[in-house]
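The values are calculated or read from the model by the stated rules, or taken from the named source; none is laboratory data. Computed from a predicted structure; not experimentally measured. With ideal geometry, Cβ positions are generated from the backbone for all residues, glycine too; neighbour counts draw on all protein chains shown. Quick note on the areas: whole protein, heavy atoms, side chains included, nothing else; ligands and nucleic acids left out. Shrake-Rupley method; radii C 1.70, N 1.55, O 1.52, S 1.80 Å.
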Amino acid sequence: MKKYKIIDAHCHIYPEAIVGKAVEAIEAFYDNRYKGFDGTAETMLRNGETAGVEHYVIFSVATTPRQVHSINSFIADRVQKSRGVFTGLGTLYPYSESLESDFGELVSLGLKGVKLHPDFQKIPIDDERCQEIYRLCSGKIPVLLHTGDYRYDFSNPDRMKRMLEKFPDCTFIGAHFGGWSVWEKATAELSSYDNFYVDTSSSLSDISTETASMLVESYTPDRVLFGTDYPLGDSKKEIELLKKAVEDESQLEKILCLNAKRLFDIKF
């Protein structure tokens, strides 16, 4: 079996002062169906090591404009201290009055993408202010979005489809195979767009091996990234589930490493 690096491309971490409340909030969002870890980077590293994960894409999400600077500074600091083990994505709040300068600071901090969570931020994915973020990112850095939820209409496939068509030069990554809990609908509507990638986070435990294989085939192994959704997912379990769905080693290498390496300009 070929040896290659594994990148976990979907990891939430939080400052020590708020980590407990943050983890409670993310678990509550999913009605406590996923009970994970403590949300610290140290636990993430220990868990990932058991499964051979060697690199992590980390981020957090601002739910108010005043959180943007502190979150991005925290993520950038953790990246710097990780000695090449972390790649960081920044956060933006669409209704910040300083959106352009927030974006400029994010880039200057060396962050390699933008993470948005329309369902947490309670802003539709196709809102005019979200579209301003897509304009800023087009041709520069990717946008990772929470996508899909049968309970809400902030980030469901029809809204995502309009943005893919309107911003063909923006690289979007739809978390949770493009549509958590609405996987098949998302695949039918979104898998044909070349600027739309997906990650595997918070999905593999909820769908069959056959469905997972179908999703990978639909998006193609060139547009799928491995992610655990830490602190919710266990690295070893998630990798085992992925390997059941994708048996070809060259395809696994793309999903577990090469796609994230390329999208986020990760240097090994």
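Structure notes:
- Selection count, region 220-255, where residues are in a helix (DSSP H, G or I), more than 22 Å from Tyr56 (Cβ to Cβ) and among the hydroxyl-bearing types (Ser, Thr, Tyr): 1
- Taking first residues from region 117-134 that are closer than 18 Å to Gly179 by Cβ and among the aliphatic types (A, V, I, L, M) and partners that are at pLDDT 95 or above and part of a loop (DSSP other than H, G, I, E, B), the Cβ contacts under 6 Å between residues at least 6 apart in sequence or on separate chains come to Ile123/Pro94; Ile125/Ser155.
- Summed over region 1-26, residues that are of a type in the set (Gly, Ala, Ser), assigned to a helix (DSSP H, G or I) and in contact with a strand residue (DSSP E or B) (Cβ under 9 Å, 6 or more places away or on another chain) total 1.
- Each residue in region 175-190 was checked for being touching a Phe, Trp or Tyr at 6+ places or on another chain (Cβ under 6 Å) and open to solvent by 40 Å² or more (accessible area, probe 1.4 Å), and 0 pass.
Yes/no per residue for (1) hydroxyl-bearing (Ser, Thr, Tyr); (2) open to solvent by less than 30 Å² (accessible area, probe 1.4 Å):
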{"site": "Ile6", "(1), (2)": "no, yes"}
{"site": "His10", "(1), (2)": "no, yes"}
{"site": "Ala17", "(1), (2)": "no, no"}
{"site": "Tyr30", "(1), (2)": "yes, yes"}
{"site": "Gly36", "(1), (2)": "no, no"}
{"site": "Thr43", "(1), (2)": "yes, yes"}
{"site": "Tyr56", "(1), (2)": "yes, yes"}
{"site": "Ser60", "(1), (2)": "yes, yes"}
